[in-house]
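Data block below; observations after.
The values are calculated or read from the model by the stated rules, or taken from the named source; none is laboratory data. None of these values were measured; they are calculated from a predicted model. Note that we place each Cβ from the backbone using ideal geometry, even for glycine, and neighbour counts take in every protein chain shown.
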């Protein structure tokens, strides 16, 4: 029998302020705008014991500036411990493709990897053509330190009553026992479940017209690469607030809901 949700409001860890950013997908312009808004908001508040910005993965693909996004986030991460960058399914597929795993390069191209190649100055293979040699060519074009860094990104983070991951969790499985594949790829089994997961799951991966605040999860992927709406969720104690780079209209919402999701 599904567990009932606790009546109290979820809280972050004591003294912790968190900003969670959804799927960037190559939108360097929106990311820098949103980080600026976060900085302004944080400066307007009293000091706290710790503050973190969490990126929920999928920095790359689909948008036209994946290379700039990786460089920017990598440089920030080197300078501060306050940025947590989680792995997304698009980074995983990208790394598997570049490592030469059979069939992965073509699969990567099908979900927006061609845009990432272009951002690094590589003309993508034509549809249906041979991808032979592209893995090596891509590995030479992307700094090895960036690839190593992407490959070592964590799958999840935790603060108080919140659990952060890219796609979601397998219902009924303890959070500490979640499989990598579910944290990166799960969708319907997670989205449709209303049981108590032991924490409020904050995730991206599944596009919605606006932030989805459910009793057991909060989804913050608003389809930035095509809508211009990159969203951040501010959490501190029991406080919750949403920041977005723009406001959607009905046509945008229809476009989001008809977009295939991978």
query: Restricting attention to the range 165-179, which residues are in a helix (DSSP H, G or I) and exposed (fewer than 11 other Cβ atoms within 10 Å of the Cβ)?
result: 176, 177
task: Looking at (1) within 20 Å of residue 262 (Cα to Cα); (2) outside any loop (DSSP other than H, G, I, E, B); (3) in contact (Cβ under 8 Å) with a residue 60 or more places away in the chain, find the lone condition where residue 114 falls short.
output: (3)
statement: The lone condition residue 146 fails out of (1) without any contact (Cβ under 8 Å) to a residue 60 or more places away in the chain; (2) surrounded by fewer than 18 Cβ atoms within 10 Å (Cβ to Cβ) is (1)
task: Please specify each residue of the range 65-81 satisfying the condition of being within 15 Å of residue 32 (Cα to Cα) and surrounded by fewer than 16 Cβ atoms within 10 Å (Cβ to Cβ).
output: 71, 75, 76
message: Can you find a residue that is in contact with a strand residue (DSSP E or B) (Cβ under 6 Å, 6 or more places away or on another chain) and in a helix (DSSP H, G or I) anywhere in the range 100-107?
response: no
- line: the range 180-247: helices (runs of 4 or more DSSP H) wholly inside it with 3 or more residues that are crowded, with 21+ Cβ neighbours inside 10 Å are 224-227
message: For the range 16-39, give me each residue that is outside any strand (DSSP E or B) and within 13 Å of the chain's Cα centre (by Cα).
response: 22, 23, 24, 25, 26, 27, 31
task: Assess whether residue 34 counts as being touching a helix residue (DSSP H, G or I) at 6+ places or on another chain (Cβ under 8 Å) and closer than 20 Å to residue 202 by Cβ.
output: no
Residues (at pLDDT 95 or above, under 20 Å from residue 60 (Cβ atoms) and under 13 Å from the mean Cα position of the chain (by Cα)) located in the range 226-262: 230, 231, 232
Hits in the range 40-70 - residues which are part of a loop (DSSP other than H, G, I, E, B) and touching a strand residue (DSSP E or B) at 6+ places or on another chain (Cβ under 8 Å): 45, 48, 49, 56, 57, 59
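One line per residue, one yes/no per condition, for (1) within 20 Å of residue 85 (Cβ to Cβ); (2) within 17 Å of the chain's Cα centre (by Cα):
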site: 103; (1), (2): no, no
site: 110; (1), (2): no, no
site: 121; (1), (2): no, no
site: 134; (1), (2): no, no
site: 143; (1), (2): yes, no
site: 149; (1), (2): yes, yes
site: 161; (1), (2): no, no
site: 191; (1), (2): no, yes
site: 197; (1), (2): no, no
task: Confirm whether residue 162 is surrounded by 14 or more Cβ atoms within 10 Å (Cβ to Cβ), farther than 25 Å from residue 54 by Cα and touching a residue at least 12 places away in the same chain (Cβ under 8 Å).
output: no
